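Just so you know, all these numbers are worked out from the coordinates, no wet-lab data involved. From a predicted model like this one, the values you see are computed outputs, not experimental measurements. Reconstructed Cβ throughout: ideal geometry from the backbone, glycine too, with neighbour counts over all protein chains shown.
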Amino acid sequence: MSRSVRTLCLLALIASFPLRAQEGTRVESWKSAQPGWNYEFPRDHGPHREFKTEWWYATGNLSDEQGHEYGFQLTFFRQGIHPGKKPAGSSRFRVMDLPFAHFAFTDVSGKTFRYYQRSSRGAFGEAGFGTPEKAGGRMAWMENWALEQLSDGSFHLKSDGVTEAGVERSVDLILTQDRPPLIHGHDGISPKSSVPGHASHYYSLTRLRASGSVMVDGKVHKVKGLVWFDHEWATNSLEAGETGWDWSGLHLSNGDDLMLFRIRNSENKTVFLSGTLRDAQGMVIDLHDLSMTPQGSWKSPHTGGLYPAGMEVIIPSRNLSLSLTPKLRDQELVLSPFAYWEGTVRGEGKCGTDPVTAEGYLELTGYSGKVIGVNGK
């Protein structure tokens, strides 16, 4: 853990410095997310090295044959140091970007939460990012943590959490895509501000049917469930003065898939809201009338951060209201250079006059210190 902490702190320091031209090397500027991006797959499952920040992010809610519930998060981050690909013939130790990854596992029935992080230069191929068709299926990997696309179009995801006593938690899943990629925003970009120029390229595989296994304290459990996958890349998402965001990806019982986020300022006031809904028939709606209102508070015993204890979601145009509550209160990842809350949630509410439930994940950042080194959703 200590080596990972040091590496992540180094990442934050390097990312804060302006780029300098190395002798004999032409340094181009980072690209920003601009309208008109034409998404292509599997190309866009791979890295976009002309953008400074990128992540591949999977969250899932699973259950075993006995009905026990589990949740997990696996995120691979690429933080760019120099734009573009590594020049041919350069040293394997030349750093163009820094990979790091987070894995968190919630045993809902056992009421435990564990989290882990890894980082690497990737000089010997032990970590990296690739376009599936050019990298043997691999999209993102960090040692034995991996996300890859198989020849039949499904995905393989695996990760484990190791302590001195051995493997403490693990997931090993095959993910089958039920629905096509969901593109967020409009004209190829997902705005993060009313001010032009602050945006990302962002898509999701919203409803991946998962089957496989998890391991908890040495015991393997066969599981099934649903996984939500995000892939996002940008250079300048957040404006100055914006300190954090609240994000959620949800599977609704009526067949809808819902992504929504709000960005906050230093006073925790909402400065930007956005969302995307895809209904069971496949119609996609760019949401403009939603609200996300924190409900209650939970104080972290680890960092002292004061997080929302729940979230009220209202979308008048869909006659939809949902109250989101964590399945376990303490799902805070206390990492360096930043800590954040990321956990499995359930929702209850109404769509019109019909009751509706939801399952998914909620991400809360900037409540226990400044977010460093990555851009926001």
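Summary of values
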| read-out | value |
| --- | --- |
| Top of VAL216, VAL162, VAL356 by mean-square fluctuation, Gaussian network on the chain, Cα under 10 Å | VAL162 |
| Among THR235, THR59, THR270, residue whose mean-square fluctuation peaks in a GNM of the chain (springs only between Cα atoms under 10 Å) | THR270 |
| Percentage of interatomic Cα-Cα distances in region 132-275 larger than 23 Å | 50 |
| Convex hull volume per residue in cubic angstrom - Cα atoms of region 97-183 | 145 |
| Other-chain or far-sequence residues with amide H under 5 Å of ASN236's (modelled H) | ALA33, ALA199 |
| The chain: C-alpha gyration tensor shape, a/c 1.5 cut-off, then a/b vs b/c | rounded |
| Cα gyration tensor shape for region 106-147, rounded if a/c is under 1.5, else prolate or oblate | oblate |
| Tail fraction, Cα-Cα pairs, region 38-122, threshold 19 Å, whole percent | 55 |
| Selection from ILE315, GLY244, LEU258, by position along the positive dipole direction of the chain (Cβ) | GLY244 |
| Pairwise centroid distance, computed over Cα atoms, of region 178-225 with region 318-353, Å | 15 |
| Dipole axis of region 98-237 (+1 Lys, Arg; -1 Asp, Glu on Cβ), positive-most option in PHE124, GLY197, PHE113 | PHE113 |
| Rounded to whole Å, sorted largest first: equivalent-ellipsoid semi-axes of region 296-377, Cα gyration tensor | 28, 13, 10 |
| Euclidean distance between Cα centres, region 143-157 to region 31-88, Å | 13 |
| Gyration tensor verdict on region 212-305 (Cα atoms; rounded if a/c is under 1.5, prolate if a/b is larger than b/c, oblate otherwise) | oblate |
| GNM flexibility winner over the chain from ASN61, ASN254, ASN236 (Cα, springs under 10 Å) | ASN254 |
| Extension gain (nm, one decimal) between MET283 and GLN34, 0.36 nm per residue minus Cα-Cα | 87.2 nm |
